[in-house]
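Scroll down for the structure; my scribbles are underneath it.
The values are calculated or read from the model by the stated rules, or taken from the named source; none is laboratory data. Source: prediction; values computed, not measured. For neighbour counting, all protein chains shown are included, and Cβ atoms are generated from backbone atoms with ideal geometry for every residue, glycine included.
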C-alpha cells in the first residue's frame, strides 16, 4: 500500500510537469491552430539563457529564472509575429513545417553557442526529503517534488482564473472559438495570437527550468517532455485546459506504474501507445466534447 | 658472373625496400589513432587527443626517439564503429602507419582489433574497458586500461573486505560494459562466499537521466553500498537524485568517474562519492607536476581532465616501447619491447606488465590489473586507498 502511494506521488510530480508542457501546447493550438513542434526546444533555449545568467554572469538564481521566463514569452511572441503570421494564409502544414524547422535551428544554435557539454543547473530548493512514516513503511517526499507540484498547481489555477475572468482571457477564448467573429467584435486577433504564443512558450521555459536540475541542461533535454506533453494534450482532448491538466497527471501516474511494475524503458513506448489507442477509440480526448461539423 | 652479382644486388635492394617497416622513415615515424572528434562523444575524444598531442609534441621538441620525430595522424570516427573500420583501414593501407595508438571507444576498438591483429599492426592502448580486447590475447593488441571484469572484482573486494559492507546494490548501464562489470562483481562475491551480499541488480538504459525507481528500490532493500557502473552525465544525475531522496549508502562509481565534471554537475551531492581510479594522480608528486607542465607546453594554462590523462598514458606507453625497440624499429621489435615491460611506470602511467605472447595465458596482454579508490572531499577528488588487486 505504501509503495502504491509512493508511486502515485511520483506520478503526480512527473504528471504536473507534463501538464505544464501540455498547457502551453494546447494554448498555442487553441488560438492559432498550430501544433508547435519547436515548443520543447524553445523551452530548452530559455533554460540555456537561465544558465547563462546564473552560471556565466553570476547573477542570482531568481533573476535567472525570471529572465528565462520573460525570454520565453518574447521568443514565443516574436516567433508568431515574425515567422508564423506571414505564412498564416498559406496553409496549415506550412506552419507545421516551419515549427519543425525551428526545432532543428534551435538545437543547432544551442550546440553552436553553448557546445556539447552538459550544463549543471541548481535545484530551486535544497534539503533532505520529508519522510511520512506508516506502520508498513514510509513515503518519501523530496522537496523538489513538492516545489514542482506546488508551482504547477499555482500556475494552472492562475491560468484558469485569468482566462475565465479577465478581458484578455476572454478575447483569447473568443479568438479560439471563432476568429472571424472575434475580429468583427473588435478584438485584435494578431495580438491575441502573439500573446498566447508568448504565454505558451513561457510555460515551456518554466517546465524546462524545473526539469533542468534532473536532466542537466543540454540540447535534447526537452525531447521526452515534448512527447509526454503532447500525449497529455491528446489525452485531454487538445481543447480543454482542465482536460489537459487531468491528462498530464493521469499520464504521469500511468507511466510511473509501467516503470515500476513492467519496465522503466517501456514507459515512453507506453505513452505513445496511449496516443494511438485514444485516437482510435476516443479522438475527442477524455474530457473533450465530440464536435460535429457540417460538411 | 657480373650479371649474377648485379641481379643479387638488385634483388637485395628491392627486398630491403619491401621489408623496410611501414611508417618508419629516416627522420620520422608515422603513427595513427582514431578518436571521436565530432558527435556526442566528442568532448571525450577531443580531450584524449589533446593528451596524446601534448606528449608527442614534447617528445618531438626534445629530439624525438632515436633521432626520429613522431608524426601523429588522428582520424575522426565520431564514435561510429562502421566509420572506425574505414578510417583505420585508410590509416594502415594508405598512410602506412607504423602502429595505432590510443583508439577511443569499445565499439570502434572491437571493430578493428582483429583486422589490425591479422595485418600485424601493433595496436597500443584502447580507450575501452572491455575484456574481450585482451582475452583471449591477440599478439598485436595491447590493452592498458584495466577492464571492467577486473574492476568489478576489485570493487567487490573493497566493499566487502575493506569496508565490511553486507548489502550491496549495483546500478549498471544495460550494455556490454555494464554487464561485464556486474559479472566481475558477482564472480568475486560468489568465489569468496558472499553471494548473498548482492541484494539488487538494476540495469538502466544508456540514455536514462532519472533514477527515482532505482533509488526507491535501493532504499526499500536497505542497501549499505551501491556500485554505479555508469558515466557522466548519468552518474552525477544519480548522485543528485540519491541526495534528494536521502539514500543513505556508500556510492562507489567506476573509473570513468573521478573527473572534476562529476563535481561540477552534482555539486554538494558529490561529497563523499567514491570511485575507482588507475591513473597515478597525486598532485604532490614531482612526476605529476611534470605531466601538467608537459601538457601546458602545448595547451597553455589548461588543466588536463581524466580523458586527456588517458591519452597522455597511451602516448607514454607507446613512446617507451618505441624507445626500447631499437635503432631500426620494426613492428616485431615493438611487440617484443612491450612484452618485456615489467612493472614499468611512466609519469602518470602506473606499474604496467606484459608477457610474451601465449594464446593460453589470458593475462599476457592485460597491462594493468590493480586500482585504487578516490573520493570527493570538500569538492575535490582525493586519493583514499592504496593500490588494490585481486588474485586470479
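Among the residues of region B:325-347 satisfying the criterion of being over 17 Å from residue B:30 (Cα atoms) and touching a helix residue (DSSP H, G or I) at 6+ places or on another chain (Cβ under 8 Å), which is surrounded by the most Cβ atoms within 10 Å (Cβ to Cβ)?
So the first thing to find is which residues in region B:325-347 are over 17 Å from residue B:30 (Cα atoms), and the list is B:336-347.
Still in the list and also touching a helix residue (DSSP H, G or I) at 6+ places or on another chain (Cβ under 8 Å): B:337-338, B:340-341, B:344, B:346-347.
Numbers: B:337: 19, B:338: 24, B:340: 14, B:341: 20, B:344: 19, B:346: 19, B:347: 19.
The extreme case among them is B:338.
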Looking at (1) out of contact with any helix residue (DSSP H, G or I) (no Cβ under 8 Å at 6 or more places or on another chain); (2) within 14 Å of chain A (Cβ to nearest Cβ); (3) at negative phi, which is the one condition that is false for residue B:211?
(1)
Quick one: count up the residues across region B:249-262 that are over 18 Å from residue B:177 (Cα atoms) and more than 10 Å from chain A (Cβ to nearest Cβ).
6
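Before we move on, is residue B:385 in a loop (DSSP other than H, G, I, E, B), closer than 25 Å to residue B:252 by Cα and not assigned by TED's automatic domain parsing to the domain that holds residue B:124? Don't jump to the end; show me each part of the working.
Details: in a loop (DSSP other than H, G, I, E, B): yes; closer than 25 Å to residue B:252 by Cα: yes; not assigned by TED's automatic domain parsing to the domain that holds residue B:124: yes.
Taking the combined requirement at face value, the residue satisfies it.
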Looking only at residues in region A:115-135 that are touching a residue at least 24 places away in the same chain (Cβ under 8 Å) and assigned to a strand (DSSP E or B), which one is farthest from residue B:268 (Cα to Cα)?
A:134
So which residues in region B:53-79 are within 21 Å of residue A:117 (Cα to Cα), in contact with a strand residue (DSSP E or B) (Cβ under 7 Å, 6 or more places away or on another chain) and not in a strand (DSSP E or B)?
B:77
Any residue in region A:85-103 that is more than 28 Å from residue B:246 (Cα to Cα), within 14 Å of chain B (Cβ to nearest Cβ) and surrounded by 12 or more Cβ atoms within 10 Å (Cβ to Cβ)?
no
Determine which single condition residue A:226 fails, assuming it passes every other condition in (1) within 14 Å of chain B (Cβ to nearest Cβ); (2) within 16 Å of residue A:19 (Cβ to Cβ).
(1)
